[in-house]
Amino acid sequence: MMRRITLGKLFIGVFTVALTIFVFVSLSDTISSRNKKEIDELVHAVQRLRKLAKAKGIHVQEEGTYPATPGTGDKVTGRGEPNISENLQGGSSFRITEYWQASSLIKWDFEKPPEYDCKNKSSAGIYFICQDPPFTIKPPCIAYSFGVYTKWAFEETLGRMGCDTHSFDPSVKWDDHIHKGVVNFHKLGIGAEDTDTYKPARGMYVKEDQTWKMRTLPSIMKMLGHEGRVIDVLKVDVEGFEWAMMRQMLDTGIIHRVRQFIIEWHLVRDFPAKETYMDLLRLYYRMKDAGFRTFSVDFRFPGFSLKRWRIQSDVMYVNTKFSPNNQ
């Protein structure tokens with residue numbers, strides 16, 4: 001009996017020490033490539049110990065340090081957000097210094113359960129809109145969709161609902177027109193500046209040399225007579241350029257006039273550059289601080305090797321701080 005107790009205590013002690021070391025190393029200021037092999041071996045060792053503990057019927061309380069204490073008082077979502085901004089500015093728990101740390105936190109936000117439990121989801125193509133008050137989409141409503149290519153189901157749905165619907169895509173061959181009588185199409189792209197001479201790199205949607213006309217979101221809203229108006233639904237699928245668009249929306253304050261936000265986020269091998277990920281994380285949590293909470297997520301195409309790096313997710317948000325009286 002004494003031998004059993006001793007072995008059990010020894011097992012738990014070894015497991016606790018290993019797990020503590022793992023957490024400490026994982027959350028250290030920097031992790032160089034030199035010790036990546038040791039970390040991987042330690043992770044595997046902890047996993048084996050966890051499986052063995054479960055097989056032996058031993059309950060192990062997992063330990064860990066999280067980015068920061070969750071926020072309180074969020075009556076709409078019921079879930080707090082890590083105060084990442086505080087930590088990125090040299091705050092409390094730990095410092096985030098590597099691209100993989102920043103991307104892991106963004107990925108975590110995609111993978112966790114929806115923050116807002118939408119009771120009335122309505123499909124619009126491959127996406128959803130939330131019809132809970134105060135997010136309900138109904139005329140007179142304005143919908144913008146950046147990135148169409150050949151798929152119109154989302155735009156047609158919003159147009160048939162009676163929204164003033166505008167779609168934008170400079171990569172396609174057709175010119176400005178009204179699609180099926182319900183969608184105003186503009187051969188125009190969203191950009192960080194107004195230009196008629198943007199040269200896109202070749203890729204999946206650009207097979208030959210092209211010259212695009214690009215406009216900022218404030219310029220587009222002015223062009224359409226929507227200055228100061230609410231964008232009830234904003235959909236963005238622009239293959240990585242969404243980060244520059246997000247910065248502009250935050251810096252200009254336009255983001256506060258968006259009721260629902262649907263976006264396909266991209267972090268791929270070469271674009272945006274990995275050295276910008278810390279800045280992108282700050283940008284992402286500025287958006288969350290503005291009140292945007294997930295109600296539906298389709299996390300697709302995960303790839304985590306350097307050669308096949310790809311984090312891509314369709315994410316649908318409601319603006320929990322939205323109030324028409326404040327617009």
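The values are calculated or read from the model by the stated rules, or taken from the named source; none is laboratory data. Just so it is clear, the structure is predicted and the values come from calculations on it, not from any experiment. Please note: Cβ atoms are built from the backbone with ideal geometry, for glycine as well, and neighbour counts cover all protein chains shown.
Across region 180-212, the qualifying residues are those that are assigned to a strand (DSSP E or B) and at pLDDT 95 or above, and the one among them that is nearest to SER123 (Cα to Cα) is VAL183. Kindly evaluate ILE106 against the criterion of being outside the structural domain of LEU267 (by TED's automatic domain parsing) and surrounded by 11 or more Cβ atoms within 10 Å (Cβ to Cβ). So ILE106 passes the test.
Can you go through PRO140, PRO170 and tell me which one is assigned to a loop (DSSP other than H, G, I, E, B), touching a Gly at 6+ places or on another chain (Cβ under 9 Å) and either over 18 Å from LEU217 (Cβ atoms) or of a type in the set (D, E, K, R) (or both)? Outline the logic, then answer.
Values: PRO170 fails: either over 18 Å from LEU217 (Cβ atoms) or of a type in the set (D, E, K, R) (or both).
Criteria check complete, one pass: PRO140.
For every residue, the table says whether it meets (1) more than 23 Å from ARG259 (Cα to Cα); (2) in contact (Cβ under 8 Å) with a residue 60 or more places away in the chain; (3) touching a helix residue (DSSP H, G or I) at 6+ places or on another chain (Cβ under 7 Å).
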{"site": "CYS163", "(1), (2), (3)": "no, yes, no"}
{"site": "PRO170", "(1), (2), (3)": "yes, no, no"}
{"site": "LYS173", "(1), (2), (3)": "yes, no, no"}
{"site": "GLY191", "(1), (2), (3)": "no, no, no"}
{"site": "PRO218", "(1), (2), (3)": "no, no, yes"}
{"site": "GLY225", "(1), (2), (3)": "no, no, no"}
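Kindly indicate whether any position in region 198-210 is crowded, with 21+ Cβ neighbours inside 10 Å and either on the phi < 0 side of the Ramachandran plot or in contact with a Leu (Cβ under 6 Å, 6 or more places away or on another chain) (or both). Full working, then the answer.
Filtering region 198-210 for residues crowded, with 21+ Cβ neighbours inside 10 Å gives none.
No, region 198-210 contains no residue that is crowded, with 21+ Cβ neighbours inside 10 Å and either on the phi < 0 side of the Ramachandran plot or in contact with a Leu (Cβ under 6 Å, 6 or more places away or on another chain) (or both).
Scanning region 95-127 for residues that are closer than 21 Å to LYS321 by Cα, among the charged types (D, E, K, R) and not in a loop (DSSP other than H, G, I, E, B), which turns out modelled with the highest pLDDT? Ranking the qualifying residues of region 95-127, first place goes to LYS121.
Does region 145-152 contain any residue that is surrounded by 15 or more Cβ atoms within 10 Å (Cβ to Cβ), within 30 Å of SER305 (Cα to Cα) and of a type outside the set (A, V, I, L, M, F, W, C)?
Yes; the residues of region 145-152 include at least one that is surrounded by 15 or more Cβ atoms within 10 Å (Cβ to Cβ), within 30 Å of SER305 (Cα to Cα) and of a type outside the set (A, V, I, L, M, F, W, C).
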